[in-house]
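The values are calculated or read from the model by the stated rules, or taken from the named source; none is laboratory data. Note that this is a predicted model, so its numbers are computed, not measured. A quick note on method: Cβ atoms are made from the backbone with ideal geometry, for glycine too, and the neighbour counts reach across all protein chains shown. These area figures cover heavy atoms from the full protein model, side chains too; ligands, DNA and RNA do not enter into them. Shrake-Rupley method; radii C 1.70, N 1.55, O 1.52, S 1.80 Å.
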Amino acid sequence: MNSPKVAVVMGSDSDLPVVGRALEILDKFGIGKEVRVISAHRTPGMAVEFAEGAEARGVDVIIAAAGKAAHLPGVLAALTTVPVIGIPVKSSTMDGLDSLLSIVQMPKGIPVATVAIDGSENAALLAVQILSLKYPELRQRLKDYRKQMADDVKQKDLEVRDKLT
Ligand code: RP5
């Protein structure tokens, strides 16, 4: 139980292209993970079993991605005190606004930390930031990640300046 672990759950395997970007970041930070397809609507019993057992399995944070009437993150959050980060997936004719509102508008008492539509990268990074409270070695890796990001922007700035000025 002494290593960081994130459970990543999606409502359908059609969410995998979006979720995959979160998995890449978790791998980059060396975070252990469970990856599951569980539907709040089609397999509600699995959702209950998964969420009620999460703490005992050593899961520190749950990332839940869902589209349309996106109830998965809220349902999981109702069943465990392990923090849940919701990714609204742009999977319908409504450009993901339906998913966003379904996930973000939780009633008081059962929070879900909601990222942007298809915001997988930020879901993973937020999970790592939460984990860093318990596993301080992750803090330096987060700082290194941000420095690399800033260096990339500076490099792009040089390239654009040279080309267009
Ligand atoms: C949601 O409905 C899933 O999370 C997915 O985003 C959306 C469509 O699912 P499929 O019909 O592709 O299985 O439950």
Return the lysines within reach of LYS143: Cα separation strictly under 29 angstrom, same-chain partners fewer than 8 residues apart disregarded; answer none if there are no such residues. LYS5, LYS28, LYS33, LYS134, LYS154, LYS156
Whose amide H sits under 5 Å from the amide H of VAL9, counting only residues 5 or more places off or on another chain, with H placed in the peptide plane? ARG36, ILE63, ALA64, ALA65
Considering only protein heavy atoms and a probe of 1.4 Å, how much of the accessible area of the range 5-137 is carbon and sulfur, as a whole percent? 58 percent
Of the convex hull drawn through the C-alpha atoms of the range 64-103, the volume per residue in Å³ is 43 Å³
Taking the solvent-accessible surface of protein heavy atoms with a 1.4 Å probe, what is the per residue accessible area of the chain in Å²? 56 Å²
A student applying the Cα gyration tensor rule (rounded when a/c is under 1.5; otherwise prolate if a/b is larger than b/c, oblate if not) would label the range 8-50 oblate
Residue-by-residue Karplus 3J(HN,Hα) for the range 126-140, coefficients 6.51, -1.76, 1.60, Hz, glycine and proline x: 5, 4, 5, 4, 5, 4, 5, 5, 9, 10, x, 4, 6, 4, 5
Computed magnitude of the charge dipole of the range 5-137 (debye, nearest 20; Cβ of K, R +1, Cβ of D, E -1): 140 debye
Counting other Cβ atoms within 10 Å of each Cβ, which trypsin sites (Lys or Arg not before Pro) in the range 85-161 have at most 13 and sit in a DSSP loop? LYS108
Before rounding to the nearest 500, sum -39500 (n - 2.57) across all DSSP H runs of length at least 4 in the chain and divide by the residue total; then give [θ] at 222 nm in deg cm²/dmol. -16000 deg cm²/dmol
Report P(r) for the chain: all Cα-Cα distances, bin width 10 Å, range 0 to the bin holding the largest distance, values in whole percent. 11, 37, 31, 14, 5, 1, 0
Out of the trypsin sites (Lys or Arg not before Pro) in the range 1-84, which ones are loop residues according to DSSP with at most 12 other C-beta atoms within 10 Å? ARG42, ARG57
